[in-house]
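Heads up, the thing below is written out as structure tokens.
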Amino acid sequence: MRILLAEDDETLGELTEHQLKRQYHVVDWMTDGLQAREAIAAGRYDVYVLDWMLPEMTGIELVREIRRKEDHTPILLLTARDAVQDRVEGLRAGADDYMIKPFAFEELEARLIALFRRQDRGYQFSDKLSLGDISANLDRFEVTRGGAAIPLTRREFQLLICLMRHAGQVLSREQLLDHVWGLASDVTLNVVDATIRLLRKKVDGPYETKCIQSVYGAGYRFIIGGE
């Protein structure tokens, strides 16, 4: 998933970002409401995670604005406010879920996945993705081709999943950077190319049929069965 995280507590924000990225999610972490507002306007996310008491623009104000703009992306509010009336206010403003600090990261991720599953997306969240003879287990972060295991790094795995989910579609280097590394990353386009080369060596190198295709001047695409 692509997650927008808005949390002004640097320790909690950094730790939450780290834990979610360990689970192969792309996370853009913002530290105030205006930054989050700009990121929402510029990008497309699967879920927003917003702290209630953000500086510049509070999380609850951001929730109301998001819903006024008819943006139906799932929203999970984080807050230390545990009174019933606070929870009711957050949900009535347009939030889909609510977590009280401190929280367990395993529960946070489970709730985010549950929110994502409810949405009408171009693909359903599943722990398995298979195209041609390539299969990926998103829960175990494992990839096989023709039944043979292919060990991938975290970024290689994310890149392959991104390409597979957009099979047949040409994705520019900029799009891949945005999807896999995130808007806040300082990664260059050369890193995208280098990661693609390593991924192709592992996924396509030993096989006659090539699935990851370069499109000159445009980017890369995944071709099912090497069509």
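The values are calculated or read from the model by the stated rules, or taken from the named source; none is laboratory data. Computed from a predicted structure; not experimentally measured. Cβ coordinates were reconstructed from backbone atoms using ideal geometry, including for glycine residues, and neighbour counts include every protein chain displayed. Quick note on the areas: whole protein, heavy atoms, side chains included, nothing else; ligands and nucleic acids left out. Shrake-Rupley method; radii C 1.70, N 1.55, O 1.52, S 1.80 Å.
Things to note:
- Selected residue (criterion: farthest from residue 153 (Cα to Cα)) from residues of the range 32-55 that are surrounded by 16 or more Cβ atoms within 10 Å (Cβ to Cβ) and under 11 Å from the mean Cα position of the chain (by Cα): 48
Table: residues versus (1) under 29 Å from residue 218 (Cβ atoms); (2) assigned to a helix (DSSP H, G or I).
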{"residue": "87", "(1), (2)": "no, yes"}
{"residue": "107", "(1), (2)": "no, yes"}
{"residue": "112", "(1), (2)": "no, yes"}
{"residue": "129", "(1), (2)": "yes, no"}
{"residue": "158", "(1), (2)": "yes, yes"}
{"residue": "169", "(1), (2)": "yes, no"}
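- The residue that is modelled with the lowest pLDDT, counting only those in the range 3-31 that are crowded, with 18+ Cβ neighbours inside 10 Å, outside any helix (DSSP H, G or I) and among the charged types (D, E, K, R), is 28.
- Residue selected from the range 141-192 under the condition among the charged types (D, E, K, R) and more than 24 Å from residue 207 (Cα to Cα), by the criterion least open to solvent (accessible area, probe 1.4 Å): 178
- Candidates 163, 152 - the one that is over 22 Å from residue 40 (Cβ atoms) and part of a loop (DSSP other than H, G, I, E, B): 152
Yes/no per residue for (1) touching a strand residue (DSSP E or B) at 6+ places or on another chain (Cβ under 9 Å); (2) open to solvent by 40 Å² or more (accessible area, probe 1.4 Å); (3) aliphatic (A, V, I, L, M):
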residue	(1), (2), (3)
63	yes, no, yes
69	no, yes, no
91	yes, yes, yes
97	yes, no, no
115	yes, no, yes
